[in-house]
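The values are calculated or read from the model by the stated rules, or taken from the named source; none is laboratory data. All values derive from a computational prediction rather than experimental measurement. Glycine also receives a Cβ, built like all others from the backbone with ideal geometry; neighbour counts cover every protein chain displayed. Side chains included, ligands, DNA and RNA excluded: accessible areas come from the protein's heavy atoms. Shrake-Rupley method; radii C 1.70, N 1.55, O 1.52, S 1.80 Å.
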Amino acid sequence: MQPIRQSAAVLVFALLPFTASAVTFLTETNPPFNRLEGKSVVGLSTEVVTEMAKRAGVPAKFELGTWDVMYSRAQADKEACLYSTARELHRETLFQWVGPIATNAWALYAKQGFTGKVESIKDAARYRIAAVVEDAKSQYLREKGATFLVEALKDEQNPPKLTTDPKATGGKVDLWVTGAYQAKAVAENAGVKDIKKVFNLRDVDLWLACSPRLPKATVEKLQDALAAMKRDGSFRKIQDRYSNLLVK
């Protein structure tokens with residue numbers, strides 16, 4: 001009779017409901033995808049992630065900080081995910097990936113009086129470029145040969161560095177790499193209005209980058225929830241609500 005009791009025990013265990021791990025979703029100020037409003041984290045990607053967690057039955061909390069700190073925590077903390085994250089080759093094995101949850105465009109910006117010629121990444125590599133520490137855009141530029149990167153902890157620290165004087169020192173830059181959809185808002189919040197786009201780098205899908213130690217079942221639940229949102233149209237509705245802000 002012992003084999004029968006063992007089978008019954010296995011069957012009962014298999015029928016137990018899955019309980020998803022609680023997850024801390026980490027992000028930075030990067031409108032319109034993620035930003036702080038009062039004491040709440042909001043934005044396009046935040047809405048998508050919130051709905052994913054709800055459908056997946058994942059208890060969730062959100063934290064906003066500087067990208068370098070959040071990036072490290074997403075790898076070190078067992079139950080954490082980072083968004084909105086570009087899925088680059090050098091990051092592939094550092095995280096478990098869920099997405100895409102949004103799409104961004106990368107571009108280079110300069111002051112209105114900038115007269116340089118930027119028709120390729122090779123052209124851009126000759127200039128001083130403001131970027132964010134540990135950001136995929138700075139990594140991408142380095143891989144393409146850019147060596148004069150001036151990095152900051154927050155993107156809003158970069159627009160004031162722009163100058164049209166190629167000889168200016170003190171951390172001044174000729175170009176600024178950022179997301180095309182949020183460039184105007186970030187610059188204006190930093191008190192800089194006279195910028196112009198000089199080169200489109202690339203379009204990039206944004207993902208949820210989860211700790212490698214987060215239970216695989218939780219990751220799968222989140223991915224299934226996102227797939228369901230895309231099937232029933234709720235994902236598109238969230239995108240559409242922000243369409244007036246996504247101006248290149």
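Here the accessible area is traced with a 1.4 Å probe on the protein chains. For the chain, carbon and sulfur cover 53 percent of it. Note that segment 82-238 presents 46 Å² accessible area per residue, ligands and nucleic acids not counted, probe 1.4 Å. Toward the positive end of the charge dipole of segment 77-145, with +1 on the Cβ of Lys and Arg and -1 on the Cβ of Asp and Glu, the farthest Cα among Gly99, Ala131, Tyr83 is that of Ala131.
Close amide H contacts of Leu149 (hydrogens built in the peptide plane, cut-off under 5 Å, sequence separation of 5 or more or a different chain): Ile129. Give, to the nearest whole percent, the P(r) tail of segment 156-248 beyond 20 angstrom, counting all Cα pairs. In whole percent, the share of Cα-Cα pairs in segment 156-248 beyond 20 Å is 58. Report summary: the helix-based calculation at 222 nm, which adds -39500 (n - 2.57) for every DSSP H run with n ≥ 4 and divides by the residues of the chain, gives -9500 deg cm²/dmol. Volume of the convex hull of the chain (Cα atoms only), normalised per residue: 139 Å³.
Label-to-label distance for Arg73 and Lys193 is 3.6 nm, based on points extended 7 Å past Cα in the beta-carbon direction. If the elastic network links every pair of Cα atoms under 10 Å, which of Asn30, Asn158, Asn189 fluctuates the most in the Gaussian network model of the chain? For the chain, modelled as a Gaussian network with Cα springs under 10 Å, the answer is Asn189. Largest accessible area first, the listed residues Arg126, Arg231 line up as Arg231, Arg126 when surface is computed with a 1.4 Å probe on the assembled protein chains. Normalised by the number of residues in the chain, the mean separation of alpha-carbon contacts (under 8 Å, six or more apart) gives a relative contact order of 28 percent. Accessible surface comparison of Arg73, Arg213, probe 1.4 Å, protein chains only, largest first: the order is Arg213, Arg73.
In a DSSP loop and with at most 12 other Cβ atoms within 10 Å, the GluC sites (Glu not before Pro) in segment 68-160 are Glu119.
Give me the percent relative contact order of segment 124-199, please, defined on Cα pairs under 8 angstrom at least 6 residues apart. RCO, segment 124-199: 33 percent.
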